[in-house]
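Peer 1: Starting off with a structure, shown below.
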Amino acid sequence: MPVFIALSAGLFVGLYLGIVIPGTGIVATVVFLAVAGMLGISVSRYVMRLLMQRGIIKPQPKRR
């Protein structure tokens with residue numbers, strides 16, 4: 001998971017600065033939204049694990 005976080009953060013910064021895909025076309029917008037979603041998923045997973053380790057939230061039992 002740390003590699004996925006680093007990859008998505010690097011791609012996000014690269015796209016935000018215009019290094020990876022220059023321009024503002026529809027392709028750049030779609031790729032930016034996909035990378036932003038990747039970053040959101042990775043950060044939310046990291047934060048949930050951190051909150052569970054600190055005891056702020058408790059994991060729910062699996063449903064049958």
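The values are calculated or read from the model by the stated rules, or taken from the named source; none is laboratory data. Quantities reported herein were computed from a predicted structural model and do not represent experimental measurements. Note: ideal-geometry Cβ built from the backbone for every residue, glycine included; neighbour counts use all protein chains shown. Accessible surface areas use protein heavy atoms only, side chains included; no ligands, DNA or RNA. Shrake-Rupley method; radii C 1.70, N 1.55, O 1.52, S 1.80 Å.
Peer 1: Hey, any idea what % of the chain's accessible area is carbon plus sulfur with a 1.4 Å probe?
Peer 2: Working: 3760 of 5410 Å².
Answer for the chain: carbon and sulfur cover 70 percent of the accessible area.
Peer 1: Using only DSSP helix segments of four residues or longer, with each worth -39500 (n - 2.57), what per-residue ellipticity at 222 nm results for the chain after dividing by its residue count and rounding to 500? Walk me through the numbers before you get to the answer.
Peer 2: Values: 2 runs with 44 residues, N = 64.
Estimated from H runs of four or more residues: -24000 deg cm²/dmol.
Peer 1: Still on this model: Per residue, how much accessible area does segment 1-54 have with a 1.4 Å probe, in Å²? Intermediate results must be reported in sequence, preceding the final value.
Peer 2: Numbers: 3990 Å² over 54 residues.
For segment 1-54, the per-residue accessible area is 74 Å².
Peer 1: What distance in nm separates the simple spin-label points at Lys58 and Leu17, each placed 7 Å from Cα in the Cβ direction?
Peer 2: Result: 4.6 nm between the two label points.
Peer 1: Just report the Cα centroid separation between segment 6-25 and segment 50-64, whole Å.
Peer 2: Cα centroid to Cα centroid, the span is 34 Å.
Peer 1: Expressed as a fraction of 2.2 N^0.38 Å, the rule-of-thumb size for a compact globular protein of N residues, what is the C-alpha radius of gyration of the chain? Show your work: numbers first, answer last.
Peer 2: On the way: Rg = 15.7 Å, N = 64, 2.2 N^0.38 = 10.7 Å.
Computed over Cα atoms of the chain, the ratio equals 1.47.
Peer 1: By per-residue mean of other Cβ atoms within 10 Å, what is the highest-first order of 47-59, 25-37? Mind dumping the intermediate values first?
Peer 2: On the way: 47-59: 9.7, 25-37: 13.2.
The packing order, highest mean first, is 25-37, 47-59.
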